[in-house]
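Asker: Here's a structure for you.
The values are calculated or read from the model by the stated rules, or taken from the named source; none is laboratory data. Keep in mind that this is a model prediction, so the values were computed, not measured. Using ideal geometry, Cβ is built from the backbone for each residue, glycine included, and neighbour counts are taken over all protein chains shown. Each accessible area value is taken on the protein alone, full model and side chains, heavy atoms only, with ligands, DNA and RNA left out. Shrake-Rupley method; radii C 1.70, N 1.55, O 1.52, S 1.80 Å.
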Amino acid sequence: MPLNAKRRATLSWRTLLPWVVGVLPLMCGLIVMNWQVEREMQTSSQATARQVVAHVERILDSLSKAANVLLPLARSPCDEVQLRLRAEVTRNAFVRSTNLFRGNSLYCTSLFGDFDEPVNPADYVDGKLWLMDGNSVTPGHALLVYRASAGDQGAISTVDGDHLLTALRLIGPDVNLHIRVGNAWMGKDGIVHKGLPPPAANANVLLGSTRYPFSVQGGYDASYQGQLWRSHYPALVALLIVLGVVAALVCRWQVRRASSPRAELRRALEADEFLPYFQPVVRKGDFRWAGAEVLMRWNHPQEGLVRPDLFIPYAEHSGQIVAMTRALMMHTAQSLAPYAGLLEDGFHIGVNITADHCRDLNLLNDCRTFLQHFPPGRVVLTLELTERKLIEPTPIALELFEKLAAMGVKIALDDFGTGQSSLNYLRQFKVDYLKIDQSFVAMIGADALSVHILETIIELSAKLGLGIVAEGVETEAQRDYLARHEVDFQQGYLFARPMPAAQFLEALAARPGAALLPQAAPPEIMRG
Ligand code: G
Ligand code: G
Ligand code: MN
């Protein structure tokens, strides 16, 4: 069925589209949320590092104040100034010890008084700051040392590494923080390392102090991003998933609707894809063309020419057959009318109709419009009702057939012998012709019983005063048999197959005597 075939041809995008529609908002949402998470981490890492820098600067202010107060005493003997050294330790909250040095020797400390230990100015960054991993009093315990000097002498103050550690741990509990002084650094483990601290996986920032030679590095672990996601967005992600699913379902519903057989037929009707094919009907005696049956073909853009048994049943089921037949009749009239001169008077045009056409009187207008295309009497419109699906003899249907008869429209009972029509039915609808189904014609030459059935049908129609058309005539034996039995008309592959309008008109024009008829133009114009 072309309706399915079409769907198969475009299967990929039809199945893909709902997924794309569903996943796209989710993806966009996730991208935006991820961007927000990253921005948040960057901002917070920056802010935390700035706070730590400010705090360490405050500590160093305290150290530098103590050292600078003591600096003028650097020449004095230790026993004279020892108390001053201790006073500065007491006065400044962060100061753990104060010391004086002369040359390369530390000669006086707040803890021991007189002392002698070598000092090396090269240990201090910018001659000012040293992050030590411990001294003789507390080995292995971090210490930050501030040095104020004048010439080759000066004062040194120290702060316990625990103060730095507290700052790192309290200010940024979630942030990876490191204090860097020159080539030494300390993290939250409180141990002084040499070299550079490892950069953080996320939002790594390095912020230097403008007043002292140290910097603070901040950032987050790789796992922190996931943690933020879990704490910030579960509701939003759930909402996006629900919206995505709803969007995908709506999209799938729309796609299915757009590709339904009904929509496909509607599209084809709007695109004018239903074409009339013509199969001639010949009359007895000279076998000249007395008429033609219009057979619908679907000129499908992908499938090519589609036979009606593949789509007519659905069109009947969906009620679209009425509009399709109307279009087919218009097409037929427009194709034949310019060459009406090629038709002899009383040329029969057979159009197949269904029970759907008999529910209202619209068919009257369609038939009138059709006939108005031709000179009066030139064509006889014959409506073929299939016997397989009977029409209810409702008042509307009866009125319709009465008015059709008054207009001169003939009625043929199609596929006769295959259904269950009663003689009453034939009488009620004023049938003019019986079309003997091709299955009976095929019996000719077969067993005696089958031939007997055929002969009975022919006899019956003669007694009812109906014209007879034999369908599906394929052999000369069948033709001659039907001719002998006075069958009025024959139709079948023996005479001609259903053909497009251009070919039908060409064949009409080629008949002997056709050129004498007026209005005969070369039918080639019909092509394309
Ligand atoms: O010619 P073909 O093999 O395509 O015809 C197949 C069947 O389709 C036949 O039973 C014929 O009556 C039906 N058919 C062809 N054209 C039409 C049409 O325009 N309307 C209806 N209702 N049936 C048609
Ligand atoms: O409307 P109806 O059901 O009568 O449609 C006629 C059908 O019979 C069409 O499908 C047409 O193509 C087909 N047909 C016409 N002539 C012959 C024939 O000689 N042999 C066979 N097998 N089919 C035919
Ligand atoms: Mn028919």
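Asker: Quick one: which residues, 5 or more positions from GLY291 or on another chain, have an amide H under 5 Å from its amide H? H modelled 1.01 Å from N in the peptide plane, none for Pro or chain starts.
Answerer: Under 5 Å from the amide H of GLY291: VAL281, HIS348.
Asker: Could you check the simple spin-label distance between ASN135 and ARG50, using points 7 Å along Cα→Cβ, in nm with one decimal?
Answerer: 3.5 nm
Asker: With +1 on each Lys and Arg Cβ and -1 on each Asp and Glu Cβ, how big is the dipole of the chain about its Cα centre, in debye rounded to the nearest 20? Present the calculation step by step, with values, prior to reporting the outcome.
Answerer: Numbers: 50 positive and 53 negative charges, 263 e Å.
So the dipole magnitude of the chain works out to roughly 1260 debye.
Asker: With only alpha-carbon atoms in the gyration tensor, what are the semi-axes of the equivalent ellipsoid for segment 88-131, in Å, largest first? Display every interim value, and only then the final one.
Answerer: Values: eigenvalues 72, 50, 9 Å².
Ellipsoid half-lengths, sorted descending, are 19, 16, 7 Å.
Asker: What does the highest-first list of 57-70, 260-273 look like by mean Cβ count within 10 Å? Please report the intermediate quantities before stating the final value.
Answerer: On the way: 57-70: 20.5, 260-273: 15.8.
Ranking the peptides 57-70, 260-273 by packing returns 57-70, 260-273.
Asker: Skip the ligands, DNA and RNA, and give the accessible area per residue of the chain with a 1.4 Å probe, whole Å².
Answerer: 49 Å²
Asker: Return, ordered by residue number, the residues of segment 20-44 whose backbone nitrogen is under 17 Å from a label point located 7 Å along Cα→Cβ of ARG256.
Answerer: Output list for this probe position: 20-22.
Asker: Oh, and also: When the distances between all Cα atoms of segment 276-513 are binned every 10 Å from zero, what whole-number percent does each bin get?
Answerer: With 10 Å bins starting at 0, P(r) equals 7, 32, 37, 21, 3.
Asker: Report the extension gain between THR210 and SER105 in nm, rounded to one decimal, defined as 0.36 nm multiplied by the number of residues separating them, less their alpha carbon distance. Before the final figure, lay out each step's value.
Answerer: Values: separation 105, 0.36 × 105 = 37.80 nm, distance 3.02 nm.
Here the segment from THR210 to SER105 would lengthen by 34.8 nm.
Asker: Still on this model: Among the helices of the chain (complete DSSP H runs), which have Cα atoms covering no less than 20 Å along the helix axis and a Kyte-Doolittle mean of at least -1.0? Don't jump to the answer; show the numbers that get you there.
Answerer: On the way: long enough: 11-70 (87 Å, 0.42); 234-258 (36 Å, 1.61); 321-336 (22 Å, 0.88); 448-464 (24 Å, 1.18).
Once both thresholds are applied, what remains is 11-70, 234-258, 321-336, 448-464.
Asker: Have a look at the DSSP beta bridges in the chain and tell me what percent are antiparallel, nearest 5. Write out the running numbers ahead of the final one.
Answerer: Working: 59 of 84 bridges.
Approximately 70 percent, going by the DSSP bridge assignments.
Asker: Measure off, as a whole percent, the carbon and sulfur share of the 1.4 Å-probe accessible area of segment 51-219, all protein chains present.
Answerer: Working: 4060 of 7770 Å².
Ligands and nucleic acids excluded, carbon and sulfur give 52 percent.
Asker: Any chance you could run the full-extension gain for ARG230 through LEU30? It's 0.36 nm times the residue separation minus the Cα-Cα distance, nm to one decimal. Don't jump to the answer; show the numbers that get you there.
Answerer: Working: separation 200, 0.36 × 200 = 72.00 nm, distance 1.26 nm.
Contour length minus the Cα-Cα distance gives 70.7 nm.
Asker: What does the highest-first list of 480-492, 73-85, 24-36 look like by mean Cβ count within 10 Å?
Answerer: Values: 480-492: 18.6, 73-85: 15.7, 24-36: 13.8.
Highest-to-lowest ranking by the protection proxy: 480-492, 73-85, 24-36.
Asker: Are there cysteines in the chain with no other Cys C-beta under 4.7 Å, and if so, which?
Answerer: Cysteines lacking a close Cβ partner in the chain: CYS28, CYS251, CYS358, CYS367.
Asker: Here's another thing I want to ask about it. Report Rg(Cα)/(2.2 N^0.38 Å) for segment 375-476, keeping two decimals.
Answerer: Numbers: Rg = 14.8 Å, N = 102, 2.2 N^0.38 = 12.8 Å.
Rounded to two decimals, the normalised Rg is 1.16.
Asker: Here's something else I'd like to know. Per DSSP H run of at least 4 residues, take -39500 (n - 2.57); add these up for the chain, divide by its residues and hand me the 222 nm value, nearest 500 deg cm²/dmol. Could the numbers behind the result be given before it?
Answerer: Values: 16 runs with 232 residues, N = 528.
Mean residue ellipticity at 222 nm (helix-derived): -14500 deg cm²/dmol.
Asker: Would you compute the Debye intensity of the chain from its alpha-carbon atoms alone, equal scatterers and no solvent, and pass along log10 I(q)/I(0) at q = 0.06, 0.09, 0.11 Å⁻¹ to two decimals?
Answerer: -0.54, -0.79, -0.97
Asker: Right, another one. In whole Å, how far is the Cα centre of segment 177-206 from that of segment 411-453?
Answerer: 101 Å
Asker: Taking amide H positions as placed 1.01 Å from N in the peptide plane, with prolines and chain starts having none, which residues 5 or more places from ALA201, or on another chain, fall under 5 Å of its amide H?
Answerer: TYR220, ALA222
Asker: Beyond 18 Å, what share of the Cα-Cα pairs of segment 59-210 is found? Please give it as a whole percent. List each step's numbers first, then the result.
Answerer: Details: 6636 of 11476 pairs.
Pairs farther apart than 18 Å: 58 percent.
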